[in-house]
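Novice: Okay, handing you the structure first.
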Amino acid sequence: MPSQEPITLADLPIRNDLRGQTPYGAPQEHVRIQLNVNENTHPIPEDVAVDIQAALALAIRTVNRYPDREFSALRESLSRYLGHGLTAENIWAANGSNEILQQFLQAFGGPGRSVLGFRPTYSMHSIIAAGTGTRWIGADRDEEFRISPQTAVAAIEREKPDIVFLCSPNNPTGTPLHLDTIVAAYEATDGMVLVDEAYAEFAPANLSTALTLLPGRPRLVVTRTMSKAFAFAGARVGYLAADPAVTDAMRLVRLPYHLSAFTQAAAIAALAHTAEMLAMVDDIKAQRDRLLVELPKLGYPVHESWANFVLFGGVSDPHAMFEALLANDIIIRDLGIANHLRVTAGTEAETTEFIDVLQRLTAAAKPSVVVPPSR
Ligand SMILES: *Cc1c(COP(=O)(O)O)cnc(C)c1O
């Protein structure tokens, strides 16, 4: 007899290594000012939108056919965008850089293998590791969330991971990662080293990108996304640059035709407007820099950020502050780091409103000073 009892995940014969795991869970609430998941809060420019619509309209005409399994035109566009002497052979793309990370771990991780990361870091790194049966090893950072070459090498020599994940600049801290650490990590392991550069476009100079390290380093992989700088989070386009042999590894695990014809068409159309799309990045960096200046004035020390968000401390009750901002139609992110919250740089108006509301909440929370009456 089939049971009528409601069941839960724990009642199913799920993989033992997934028991007790929690899914990625950034709240998706309908709040007027959304500064919680580091999206680009600027809509894409009208003329770019019109071009993307035209490209999608054309793609519909041939949607009875499978899309280009090799997404050659998109890889061509992405390699031109990245520069650094890269060609289409060096590029692989997928539905968001999260899918890139998943395919990468399917090919190079998996049961019996391990991946080392430096916490706190992007929560999806360990979640994707779990999903692919790859053992996640968390190592500690130095002061101010930095990773010196010595710290990276010591962790690699101690843990002997099959894979090293680095995040540059790091999410959720915004912290830069210098190239000498990446080089030291690469030399300390025989395994793959992946640098997640989701926020690279917000960093000060092109000098900071690990793309410059790719020649002669076939075990190095740099991942990027169109979700942040390109304001394309809803389209789901992420990619990597690496030796062509790495893209061959990805072909072994990807599902055939994983990038839809619409995704390919939209991304190519957006990349044709790179300059216009990236014009917003300067505005966002200016708002981030405003946050870096204004938050300390309100008593919240900040961590250096090369990304489109700021992690700030000095919050006595992060959960209460998160809720108070939410009551004011602003959502930011509580990552469970003691006394810290993270806020995404928004448009100028959004950032202004966030700072104003935070100032009000901070003033209201201060214990009122009892001034003795003067005679
Ligand atoms: C936002 C983010 C991504 C992007 O994921 P997509 O799947 O491309 O949207 C990747 N890595 C980090 C560190 C991020 O913060």
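Novice: Does the range 170-180 contain at least one residue that is over 22 Å from ALA231 (Cα atoms) and among the β-branched types (Val, Ile, Thr)?
Specialist: Scanning the range 170-180, I find no residue that is over 22 Å from ALA231 (Cα atoms) and among the β-branched types (Val, Ile, Thr), so the answer is no.
Novice: For the range 86-139, name all the residues that are among the small types (Gly, Ala, Ser), within 18 Å of LEU74 (Cβ to Cβ) and away from the ligand (no atom under 14 Å from the Cβ).
Specialist: ALA88
For (1) in contact (Cβ under 8 Å) with a residue 24 or more places away in the chain; (2) assigned to a helix (DSSP H, G or I); (3) in contact with a strand residue (DSSP E or B) (Cβ under 8 Å, 6 or more places away or on another chain), each residue gets a yes or a no:
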residue: THR263; (1), (2), (3): yes, yes, no
residue: GLU276; (1), (2), (3): yes, yes, no
residue: ASP282; (1), (2), (3): no, yes, no
residue: LEU291; (1), (2), (3): yes, yes, yes
residue: MET321; (1), (2), (3): yes, yes, yes
residue: GLY336; (1), (2), (3): no, no, no
residue: ASN339; (1), (2), (3): yes, no, no
residue: GLY346; (1), (2), (3): yes, no, yes
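Novice: Report, by residue number, each residue of the range 280-315 that is in contact with a Lys or Arg (Cβ under 7 Å, 6 or more places away or on another chain) and among the hydroxyl-bearing types (Ser, Thr, Tyr).
Specialist: SER305
Novice: Looking only at the range 160-180, count how many residues are within 17 Å of the chain's Cα centre (by Cα) and either aliphatic (A, V, I, L, M) or in a loop (DSSP other than H, G, I, E, B) (or both).
Specialist: Total meeting the criteria: 12.
Novice: Condition test on GLY112, is it part of a loop (DSSP other than H, G, I, E, B), more than 19 Å from LEU255 (Cβ to Cβ), in the same structural domain as ARG224 (by TED's automatic domain parsing) and of a type in the set (Gly, Ala, Ser)?
Specialist: Taking the combined requirement at face value, the residue satisfies it.
Novice: Let me ask something additional. Which residue, of VAL237, VAL281, is outside the structural domain of ALA55 (by TED's automatic domain parsing) and under 17 Å from the mean Cα position of the chain (by Cα)?
Specialist: Unique residue meeting the criteria: VAL281.
Novice: Would you mind finding the one in VAL183, VAL193 that is touching a residue at least 12 places away in the same chain (Cβ under 8 Å), under 20 Å from THR134 (Cα atoms), touching a Leu at 6+ places or on another chain (Cβ under 7 Å) and not in a loop (DSSP other than H, G, I, E, B)? So that I can check it myself, show each step before the final result.
Specialist: Details: VAL183 fails: under 20 Å from THR134 (Cα atoms).
VAL193 is the lone residue from the list that is touching a residue at least 12 places away in the same chain (Cβ under 8 Å), under 20 Å from THR134 (Cα atoms), touching a Leu at 6+ places or on another chain (Cβ under 7 Å) and not in a loop (DSSP other than H, G, I, E, B).
Novice: Now for a separate question. Taking the range 212-245 as the search range and keeping residues that are out of contact with any helix residue (DSSP H, G or I) (no Cβ under 8 Å at 6 or more places or on another chain) and either in contact (Cβ under 8 Å) with a residue 12 or more places away in the chain or within 12 Å of SER97 (Cα to Cα) (or both), which one is least open to solvent (accessible area, probe 1.4 Å)?
Specialist: This residue is ALA233.
Novice: How many residues, within the range 25-57, are assigned to a loop (DSSP other than H, G, I, E, B) and open to solvent by less than 100 Å² (accessible area, probe 1.4 Å)?
Specialist: 15
Novice: Here is a further query. Determine whether ASP282 is loosely packed, with under 15 Cβ neighbours inside 10 Å, among the charged types (D, E, K, R) and at pLDDT 95 or above.
Specialist: It is false that ASP282 is loosely packed, with under 15 Cβ neighbours inside 10 Å, among the charged types (D, E, K, R) and at pLDDT 95 or above.
Novice: Moving on to the next point. Among the residues of the range 166-182, are any open to solvent by 10 Å² or more (accessible area, probe 1.4 Å) and β-branched (Val, Ile, Thr)?
Specialist: The answer is no; no qualifying residue exists.
Novice: Assuming GLN21 fulfils every condition listed in (1) open to solvent by 30 Å² or more (accessible area, probe 1.4 Å); (2) more than 25 Å from THR134 (Cβ to Cβ) apart from one, which condition is it?
Specialist: (2)
Novice: Which residues, taken from the range 124-153, are part of a helix (DSSP H, G or I) and open to solvent by 50 Å² or more (accessible area, probe 1.4 Å)?
Specialist: Selection gives ILE127, GLU143, GLU144, GLN150.
Novice: Among the residues of the range 196-207, is there at least one that is in contact with a Leu (Cβ under 7 Å, 6 or more places away or on another chain), away from the ligand (no atom under 16 Å from the Cβ), aliphatic (A, V, I, L, M) and within 30 Å of ASN40 (Cβ to Cβ)?
Specialist: The answer is no; no qualifying residue exists.
The values are calculated or read from the model by the stated rules, or taken from the named source; none is laboratory data. Just so we're clear, the structure is a prediction, and the values are computed from it rather than from any experiment. Please note: Cβ atoms are built from the backbone with ideal geometry, for glycine as well, and neighbour counts cover all protein chains shown. Side chains are part of the model used for accessible areas, which takes the heavy atoms of the whole protein and leaves out ligands, DNA and RNA. Shrake-Rupley method; radii C 1.70, N 1.55, O 1.52, S 1.80 Å.
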